[in-house]
Structures are given as structure tokens and as C-alpha cells.
Amino acid sequence: MSKSKYVNRDELVRYLWGIEFANPIAHNARNDVCDVIEQYEGADADVRENVHGEWVDAEDSELNYYYSVCSHCGSCLQIEKKYRNFCPNCGAIMDGGDV
Ligand SMILES: [Zn+2]
């Protein structure tokens, strides 16, 4: 199965605008490509950036209840479910990154 690759259109256009061409033909071609990319909206994909977090252990001492909290959104889970590799509330990948 092939894996789709997505490009952030705005970042690509910014990158292309930042290239300096000594050759005026290449310079004009870049301008035309940027114009086309900026106008083309047909391929907008419904994708979101990955967010990362980790389960943080917590407890309610009055109820003697232990639970885990998503470091990204604050959603709580029963502590025995903290071994999930993603947060069911926000979708954060629980690999400890971006905490
Ligand atoms: Zn979350």
C-alpha cells in the first residue's frame, strides 16, 4: 500500500519565494509555479498535525483514586488504561515528545 505524503502549501510557497535565481527564465518559472500553487485549492486534504504527550499519574487523595492525565489536553483516564499509545480525547501520541 502506498503512503500518502502531504505538503503544507503555504510553507512550500514561502520556500519557493525565498529561492533566488540568476537565470531570469527560472525566476519567471518559479513565479508562475507559485501563482498556480496559491490558486489551487482542489487538493486540500483533511489532515492534522501530530501532537505528542505523555500520561501523567495523578491521584485524588480524598477518594483514594488514582488516574492518569494527558499532558496535552488534560483528559483523565483510569490509571490501568494509561498504557494506550494515544489519548482517546485529543489523539496525542504518547511518546513523551512535545510535553
Ligand atoms: Zn489528550
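Under 9 Å between Cβ atoms, which residue pairs at least 6 apart in sequence (or on different chains) link something in segment 60-73 that is not assigned by TED's automatic domain parsing to the domain that holds CYS90 with a partner that is assigned to a loop (DSSP other than H, G, I, E, B)? The qualifying pairs do not exist here.
For segment 24-55, the tally of residues that are assigned to a loop (DSSP other than H, G, I, E, B) and either modelled with pLDDT of 90 or more or in contact with a His (Cβ under 7 Å, 6 or more places away or on another chain) (or both) stands at 3.
Taking the residues in segment 61-81 that are of a type in the set (A, V, I, L, M, F, W, C) and in a loop (DSSP other than H, G, I, E, B) as candidates, determine which candidate is nearest to the ligand (Cβ to nearest atom). First the steps, then the outcome.
In the first step, residues of segment 61-81 are kept if they are of a type in the set (A, V, I, L, M, F, W, C); the result is 63, 69-70, 73, 76-77, 79.
Still in the running and in a loop (DSSP other than H, G, I, E, B): 63, 73.
On the way: LEU63: 22, CYS73: 3 Å.
Here the residue is CYS73.
A count restricted to segment 7-39 and to residues that are surrounded by 10 or more Cβ atoms within 10 Å (Cβ to Cβ) and either small (Gly, Ala, Ser) or in contact (Cβ under 8 Å) with a residue 24 or more places away in the chain (or both) stands at 7.
The values are calculated or read from the model by the stated rules, or taken from the named source; none is laboratory data. Every value quoted in this text rests on a predicted model; they were computed, and no experiment measured them. Cβ sites come from the backbone with ideal geometry, for glycine too, and all protein chains shown count toward neighbours.
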